Structure formats: structure tokens, C-alpha cells
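Q: Below is one structure. I have some questions about it.
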Amino acid sequence: MKKTNLLLKKLKNVGLGAILLASPLLVDAQRRPSNITSPEVLPDNSVIFRIKAPNATKVQVVGTWSRGFKPNEMVKKDSIFEVKVGPIPSDMYEYDIVVDGLPMLDPLNKAVTRDGAWIQSRLMVPGGLGDIIDVKPVPHGDLKAVWYDSPTIGAPQRRMFIYTPPGYDKSNKKYPVMYLLHGGGGDEEVWVSRGRANYIIDNLIAAGKAEPMIVVITNGDVNNIGAPLDRTAFQGKKDNTGIGAMAGGKFEQSLVQDVIPYIESNYRVIADANHRAITGFSMGGFHTQNTTNDNPTMFKYIGVMSMGLWSAARNDSNFDKAGYITKLKALQNAHPKVYWIGMGTDDFLYKSGVELRKVYDEIGFKYTYRENIGNHDWNSWRLYLSEFVPLCFK
């Protein structure tokens with residue numbers, strides 16, 4: 001995921017940040033019961049951030065509400081640094097507190113999310129999209145971690161999440177299935193932790209905006225069987241999580257040969273193309289393209305989030321355009337009901353999206369394009385999911 005230099009320092013300084021967070025001064029100031037609130041969401045959706053840091057000289061808050069991740073400077077009042085931001089549009093956001101150059105979690109905020117190595121504090125702003133993302137008093141589906149065999153990858157067991165809609169266990173009904181893929185560096189937990197996929201779908205079903213469906217949230221990292229806490233602690237090999245591990249084509253083969261047969265053997269699904277959807281962001285968008293281009297009759301609902309033409313994204317001069325178009329025409333002849341593309345205006349892959357659409361336009365391939373003012377981040381991907389899901393299985 002592309003971040004500013006300031007946010008990238010988080011990975012470099014994560015050890016120092018943990019030391020700072022655990023230091024006696026901050027433990028005394030933050031971990032005991034306190035009348036200090038952070039974040040505080042005001043009625044107009046402005047937000048006040050606070051941190052007690054008596055010995056700090058410069059404190060900032062950096063969040064995904066800011067285009068370009070521009071820091072908001074906090075002002076010291078006695079021993080407390082504070083800043084008021086907004087009003088902020090209704091949504092879910094991630095942020096860091098930066099104390100004298102060290103990014104850290106907001107010590108007063110218990111809500112944190114994870115995407116790969118990125119662990120950040122969460123802010124929820126109500127009233128619009130935030131209400132679709134939030135936990136609401138509606139019927140909830142079940143979310144289950146499932147272990148399955150994956151001979152295609154060579155792992156005796158791999159982990160994925162299965163969402164079953166409200167009422168699944170009390171009926172004999174068969175359901176359509178959506179396969180939901182993550183980006184580079186992620187795992188099967190990111191669409192749950194940071195993506196909030198199960199709650200988004202709960203709320204859309206409850207509002208009558210989405211068909212009840214099963215959702216399969218996979219792990220696209222072929223080098224690891226699951227998320228960090230669900231793999232062998234002493235596996236004795238380097239963690240190669242990232243784009244390189246996910247771009248070799250093995251995941252897409254496993255999805256078709258291992259995952260889909262497992263789902264269709266163990267869950268009540270309608271096992272045909274009209275009742276299969278697939279979508280993903282970034283690397284998951286690349287996996288979506290590869291899977292549907294290589295299996296043109298398998299899915300009728302296809303969503304590509306924040307990913308364009310792979311050769312343009314990688315500056316690959318050996319792009320086999322003729323071979324690519326041959327596969328694309330086979331998909332075109334299969335007549336997908338929905339082919340949906342979402343891209344943010346500030347996304348570092350924006351130009352690759354332009355090149356992708358040029359190829360599609362060249363052969364008359366029909367698609368729906370959705371462009372938002374946004375980056376290569378979860379504010380875009382949660383938005384895209386909330387818009388793509390209602391289009392499926394109609």
C-alpha cells in the first residue's frame with residue numbers, strides 16, 4: 001500500500017514506538033483510568049484528538065481523512081496535546097499519533113485494526129457510510145474461520161473466513177457466493193479487521209439493498225497458511241508476505257481447484273456462474289482479473305478495485321497484448337452480467353487503470369467504471385464493497 005514517508009516510518013520504528021508506548025511516563029499517563037477522551041466525535045462530526053505527553057515537544061495526528069495524509073498539528077495545553085479536526089465526512093478512518101517523530105497507536109483508543117504490518121487506531125464517524133460500516137442492531141450473519149486442504153499450493157491446511165448470512169443455519173435454502181480477495185501484504189483477516197466486510201454485508205442485507213449471500217474471504221499469500229497468529233510460530237522460514245509471493249499465479253489456481261470445490265461441497269450454494277461473484281482490491285484485483293480471464297465462464301459478477309493493467313503497473317515491456325486480448329474476448333463472449341471497476345483519483349495505480357480501460361474500450365468490452373476522490377486505501381475499498389455488493393445476484 002502506498003503511504004507518505006511519514007506513515008512509512010511506522011514500519012521502521014515500530015519497535016521504538018512500542019518502547020515509547022510502554023515507557024513508564026506514558027503508562028502512568030494513559031493506561032490508568034482517566035477523564036481524558038480521544039478521539040471525541042462532536043455533534044457536527046468534528047473530532048478532537050488528545051494525548052497526555054508532558055515531555056513531548058511535537059505531536060501530530062496523521063489520518064486517512066486527510067487527502068495526501070497531511071499531518072494535523074496538536075497544540076500543548078499544560079501536559080495534554082490536543083487538536084480539533086473537521087467536520088469529517090461520515091466514514092471509518094485509520095490514524096496514528098506521532099510523538100516527536102515516532103508513530104504510535106492512540107493510547108486512549110481501544111479500537112485498533114490491522115492490515116498486514118499496519119496496525120493503527122480506528123475512528124468511526126457516524127451518519128452516512130460510517131453507519132454501513134458500523135455494528136448495527138440488525139440480524140447478523142455468522143463468521144467462521146475454516147481450515148481446508150490445498151494440494152494445489154502444497155499445504156496440508158490453509159485458513160479462510162466464511163460468512164454465512166442471517167438465517168443460514170435455520171433453513172435449507174441455497175445461496176449465491178462472493179469470493180472476496182485482499183491486497184499485497186495482507187491475509188484472510190484484513191477484510192474482517194479493517195474492511196468490516198461482514199458488517200457491511202449485514203447492514204446491506206438488513207436494508208434490502210443486497211441479496212443474502214455466502215462470502216468467502218481468502219488468504220492470497222501462498223507462502224503462509226494464515227494470518228500471523230494462526231500459523232506455526234517457529235516455522236523456521238522467512239516470511240515472504242508481499243506482492244512477490246502473491247503474483248506467481250498459484251493462488252488463482254488454488255482458488256479454482258481447492259477453494260471453490262471445498263465451498264460447493266460443504267455449504268449450501270447455487271453452484272453456477274449466475275450465482276458466483278468475485279472481487280478484490282490491489283493485488284486482489286489482479287487475482288480477480290487473472291481468475292476470470294483464465295476461467296471466463298465461472299463468474300457472472302466481477303469487481304476490480306484499485307488495480308489496472310498489470311504490465312502498466314509493473315512497467316513490463318514484454319506484455320503479450322494479443323494473448324491478453326484473446327482471453328479477454330473469451331470473457332466478453334461469456335457475457336458477464338456485471339464487470340465493475342473502481343479507482344481513486346490519487347491512487348498510485350491510477351494510470352494502470354487508464355491503460356486497462358483503453359484495452360477494454362479497444363475491443364468493446366462492457367464495464368462500469370466508478371472513480372472517487374481517494375487513495376489506494378481502505379476508505380476506497382470499503383466504499384467499493386458497499387457499492388459492488390448490491391449489484392450482485394439481481
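Q: Being in the same structural domain as H182 (by TED's automatic domain parsing) and either in contact with a Leu (Cβ under 9 Å, 6 or more places away or on another chain) or surrounded by 21 or more Cβ atoms within 10 Å (Cβ to Cβ) (or both): is that true of G342 here?
A: Working: in the same structural domain as H182 (by TED's automatic domain parsing): yes; either in contact with a Leu (Cβ under 9 Å, 6 or more places away or on another chain) or surrounded by 21 or more Cβ atoms within 10 Å (Cβ to Cβ) (or both): yes.
Considered against the rule, which asks whether it is in the same structural domain as H182 (by TED's automatic domain parsing) and either in contact with a Leu (Cβ under 9 Å, 6 or more places away or on another chain) or surrounded by 21 or more Cβ atoms within 10 Å (Cβ to Cβ) (or both), G342 comes out as yes.
Q: Considering K351, K321, which residue is touching a residue at least 12 places away in the same chain (Cβ under 8 Å), surrounded by 13 or more Cβ atoms within 10 Å (Cβ to Cβ) and of a type outside the set (G, A, S)?
A: On the way: K321 fails: surrounded by 13 or more Cβ atoms within 10 Å (Cβ to Cβ).
Residue meeting the stated conditions: K351.
Q: Also, I was wondering about something else. Taking the residues in the range 233-267 that are among the charged types (D, E, K, R), more than 14 Å from H287 (Cα to Cα) and modelled with pLDDT of 80 or more as candidates, determine which candidate is surrounded by the fewest Cβ atoms within 10 Å (Cβ to Cβ).
A: It comes out as E264.
Q: Kindly list, by first and then second residue, each pair from a residue in the range 246-258 that is more than 19 Å from G186 (Cβ to Cβ) to a residue that is assigned to a helix (DSSP H, G or I), limited to pairs with Cβ atoms under 7 Å and residues at least 6 apart or on different chains.
A: Correct list of pairs: V256/T291.
Q: Assess whether S380 counts as being among the polar types (S, T, N, Q), buried (at least 22 other Cβ atoms within 10 Å of the Cβ) and under 14 Å from the mean Cα position of the chain (by Cα).
A: On the way: among the polar types (S, T, N, Q): yes; buried (at least 22 other Cβ atoms within 10 Å of the Cβ): yes; under 14 Å from the mean Cα position of the chain (by Cα): yes.
So S380 fits the description; yes.
Q: So, one more: Evaluate the range 342-352: report whether one residue or more is among the hydroxyl-bearing types (S, T, Y), within 23 Å of G249 (Cβ to Cβ), part of a helix (DSSP H, G or I) and at pLDDT 95 or above. Walk me through it before giving the result.
A: Within the range 342-352, the subset among the hydroxyl-bearing types (S, T, Y) is 345, 350, 352.
Cutting the leftovers down to within 23 Å of G249 (Cβ to Cβ) gives us 352.
Adding the requirement that they be part of a helix (DSSP H, G or I) leaves 352.
From the residues that got through so far, the ones that are at pLDDT 95 or above too are none.
The answer is no, given that none of the residues of the range 342-352 is among the hydroxyl-bearing types (S, T, Y), within 23 Å of G249 (Cβ to Cβ), part of a helix (DSSP H, G or I) and at pLDDT 95 or above.
Q: Same structure again: Return the pair list, or none, for Cβ contacts closer than 7 Å from residues in the range 55-67 that are farther than 17 Å from S38 by Cα to residues that are among the aliphatic types (A, V, I, L, M) and modelled with pLDDT of 90 or more, at least 6 apart or on different chains.
A: A56/V99
Q: I would also like to ask the following. Do any helices (runs of 4 or more DSSP H) lying entirely in the range 129-232 carry at least 1 residues that are modelled with pLDDT of 95 or more, in the same structural domain as N372 (by TED's automatic domain parsing) and in contact with a helix residue (DSSP H, G or I) (Cβ under 8 Å, 6 or more places away or on another chain), and which ones are they? Show your work before the answer.
A: Details: elements: 129-133, 190-193, 197-206.
Passing ranges, in order: 190-193, 197-206.
Q: Looking only at the range 86-128, filter to residues that are over 20 Å from the mean Cα position of the chain (by Cα) and part of a strand (DSSP E or B); which one of those is surrounded by the fewest Cβ atoms within 10 Å (Cβ to Cβ)?
A: Among those residues, the one meeting the criterion is L102.
Q: Right, next: Can R370 be described as in contact with a strand residue (DSSP E or B) (Cβ under 7 Å, 6 or more places away or on another chain), assigned by TED's automatic domain parsing to the domain that holds G323 and either of a type in the set (V, I, T) or assigned to a helix (DSSP H, G or I) (or both)?
A: Numbers: in contact with a strand residue (DSSP E or B) (Cβ under 7 Å, 6 or more places away or on another chain): yes; assigned by TED's automatic domain parsing to the domain that holds G323: yes; either of a type in the set (V, I, T) or assigned to a helix (DSSP H, G or I) (or both): no.
For R370, the condition - in contact with a strand residue (DSSP E or B) (Cβ under 7 Å, 6 or more places away or on another chain), assigned by TED's automatic domain parsing to the domain that holds G323 and either of a type in the set (V, I, T) or assigned to a helix (DSSP H, G or I) (or both) - is not met.
The values are calculated or read from the model by the stated rules, or taken from the named source; none is laboratory data. Fair warning: this is a prediction, and the values are worked out from it, not measured in the lab. Heads up, the Cβs are rebuilt from the backbone with ideal geometry, glycines too, and the neighbour counts pull from every protein chain shown.
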